[in-house]
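**Q** Okay, handing you the structure first.
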Amino acid sequence: MFLNTLTPKFYVALTGTSSLISGLILIFEWWYFRKYGTSFIEQVSVSHLRPLLGGVDSSSPSNSSTSNGEADSNRQSVSECKVWRNPLNLFRGAEYNRYTWVTGREPLTYYDMNLSAQDHQTFFTCDSDHLRPADAIMQKAWRERNPQARISAAHEALELEDCATAFILLAEEEATTIIEAERLFKQALKAGEGCYRRSQQLQHHGTQYEAQHRRDTNVLVYIKRRLAMCSRKLGRTREAVKMMRDLCVFQLMKEFPLLSMFNIHENLLESLLELQNYADVQAVLAKYDDISLPKSATICYTAALLKARAVSDKFSPEAASRRGLSTAEMNAVEAIHRAVEFNPHVPKYLLEMKSLILPPEHILKRGDSEAIAYAFFHLQHWKRVEGALNLLHCTWEGTFRMIPYPLEKGHLFYPYPICTETADRELLPTVFHEVSVYPKKELPFFILFTAGLCSFTAMLALLTHQFPELMGVFAKAFLSTLFAPLNFIMEKVESILPSSLWHQLTRI
């Protein structure tokens, strides 16, 4: 009887009012999202209503997820997408090839290996190589694409003399264990030191000798760095730290620009973290985390780890929401935000929300490749600090509320390069790895919901105004269908219960 007495004007008023209310909610939600970067309804629900209902939420209420937007490399300069040598790259023969033997997958892309070939030619060759037969053979070997051809050429060079670069190639590509690689690098060190001493005496006799001395210096530094990495992998961490410290001093003394590409201080930071020598880690950070030096994920996230270590063991998101953040907790959160803004791909690997793969030989700073290389070696250090990953989990998404809109504008660092996705797809094996792209501010659920509700009710209001009688029939049919299960249940109850009992229940 109630439905039959409703007039078409009621339906017009109802849908029109619903459309107006949902439109006002949509406008407010959109304004709040543009200003604060999160949904007002969702923030109130998670922060205030959920605790009252007994729920516990250990994450921040912000919403950040990856977006598969198209990368436009033409909009960025080449310097913003400069590819760097991975300071912690693995050994091809002892590690990368072993992965291929076990899984049948190629961990390195052709582009990555081609960049390594160019690096080897830059580091280990010079214009005077034709004067020494073994170096002339190795100059051709570094250009070979076939690994077996390179290895054969290295053996051929060693038949003529003890060639440091030939030992390097065999240690990198032929040695199947770290112990074997270390043995070859020790032989390379002996040969490389002899060449370095000879070229050092002649370096001022002309540009040709200067170039030869520069090459011998690069070879010597490379060998010592790889020997230190062998010691680190074999468990002799203190020995590795001593070698890396000596290399850092040597690198600061020399003025050759190529030495800075090794980034030996990042190897040193990782080894010191393994020893849990956090005071020395802080000292290294104070030296290299300078505004004039290029940043890296290792620098930013190690600084965040040290700040988090001071408060993470007692941090509780519920307690922090009630009393507010202390000064130490605020410093830790700001350090995490700084690190996440520099490279937003790292947290998902540290929190194991995304599976790791073997790191490439080259990385793109602020890209997915750098995030993989960092998390591959530093995840254990975050796990060792009690509560550090929990603090990261609770705070890392809040970074995207702090970054000005649009996100590419940047806040603490230069604007995020758009070309990183394209470069990462060249560096990473996309066959079995989904490349992570820069997280975008996506519209929260409630904004999409209110937009859909506003559009739907506005359409109903328009149809009801144009066809009031027809829409009234549809409304009655919809409500009848909606209440049909309830009517069915009521009929069954009436048939089962005695009439006297049912009469008493209806009176109650």
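**Q** Can you name every residue in the stretch 166-188 that is open to solvent by less than 20 Å² (accessible area, probe 1.4 Å), touching a residue at least 60 places away in the same chain (Cβ under 8 Å), assigned to a helix (DSSP H, G or I) and touching a Leu at 6+ places or on another chain (Cβ under 7 Å)?
**A** Result: Ala171, single match.
**Q** Checking Leu407 against (1) modelled with pLDDT under 70; (2) under 30 Å from Gly23 (Cβ atoms); (3) open to solvent by 30 Å² or more (accessible area, probe 1.4 Å): exactly one of these is not met. Which one?
**A** It fails just one condition, (3).
**Q** Would you confirm whether or not the stretch 326-334 contains a residue that is open to solvent by less than 20 Å² (accessible area, probe 1.4 Å), charged (D, E, K, R) and under 30 Å from Phe432 (Cα atoms)?
**A** There is no residue in the stretch 326-334 that is open to solvent by less than 20 Å² (accessible area, probe 1.4 Å), charged (D, E, K, R) and under 30 Å from Phe432 (Cα atoms).
**Q** Right, another one. Scan the stretch 190-218 residue by residue and report those that are under 30 Å from Asn277 (Cβ atoms) and open to solvent by less than 40 Å² (accessible area, probe 1.4 Å).
**A** Within the stretch 190-218, Gly192, Thr217, Asn218 meet the criteria.
Residue by residue, here is whether (1) within 26 Å of Glu95 (Cβ to Cβ); (2) in contact (Cβ under 8 Å) with a residue 60 or more places away in the chain; (3) open to solvent by 20 Å² or more (accessible area, probe 1.4 Å); (4) under 11 Å from the mean Cα position of the chain (by Cα) holds:
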| residue | (1), (2), (3), (4) |
| --- | --- |
| Pro344 | no, yes, no, yes |
| Pro360 | yes, yes, no, no |
| Ile363 | yes, yes, no, no |
| Phe377 | yes, yes, yes, no |
| Leu391 | no, yes, no, no |
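**Q** Residues of the stretch 113-142 being acidic (Asp, Glu) and either in contact with a strand residue (DSSP E or B) (Cβ under 7 Å, 6 or more places away or on another chain) or assigned to a helix (DSSP H, G or I) (or both), which ones?
**A** Asp119, Asp129, Asp135
**Q** Before we move on, is Glu426 closer than 30 Å to Trp84 by Cβ, at pLDDT 75 or above, open to solvent by 70 Å² or more (accessible area, probe 1.4 Å) and not in a helix (DSSP H, G or I)?
**A** Criteria not met by Glu426.
**Q** If you take the residues in the stretch 121-133 that are in contact (Cβ under 8 Å) with a residue 40 or more places away in the chain and open to solvent by less than 70 Å² (accessible area, probe 1.4 Å), which one is farthest from Pro429 (Cα to Cα)?
**A** Here the residue is Ser128.
**Q** Filtering the stretch 143-157 down to residues that are part of a helix (DSSP H, G or I) and either among the β-branched types (Val, Ile, Thr) or closer than 23 Å to Ala211 by Cα (or both), which residue is most open to solvent (accessible area, probe 1.4 Å)?
**A** Per the criteria, the residue is Ile151.
**Q** Kindly evaluate Lys383 against the criterion of being over 16 Å from the mean Cα position of the chain (by Cα), basic (Lys, Arg) and either modelled with pLDDT of 90 or more or buried (at least 24 other Cβ atoms within 10 Å of the Cβ) (or both).
**A** Yes; evaluated as a whole, the condition is true for this residue.
**Q** If you don't mind, another one. Closer than 21 Å to Ala371 by Cα and without any contact (Cβ under 8 Å) to a residue 40 or more places away in the chain: which single residue out of Leu305, Leu268, Leu273 fits that description?
**A** Criteria check complete, one pass: Leu268.
**Q** Could you grab me the full set of residues in the stretch 351-376 that are in a loop (DSSP other than H, G, I, E, B) and among the small types (Gly, Ala, Ser)?
**A** Matches in the stretch 351-376: Ser355, Gly367.
The values are calculated or read from the model by the stated rules, or taken from the named source; none is laboratory data. Quick caveat, the model's predicted, so the values are computed rather than measured. For neighbour counting, all protein chains shown are included, and Cβ atoms are generated from backbone atoms with ideal geometry for every residue, glycine included. Surface areas here come from the heavy atoms of the whole protein model, side chains and all, with no ligands, DNA or RNA. Shrake-Rupley method; radii C 1.70, N 1.55, O 1.52, S 1.80 Å.
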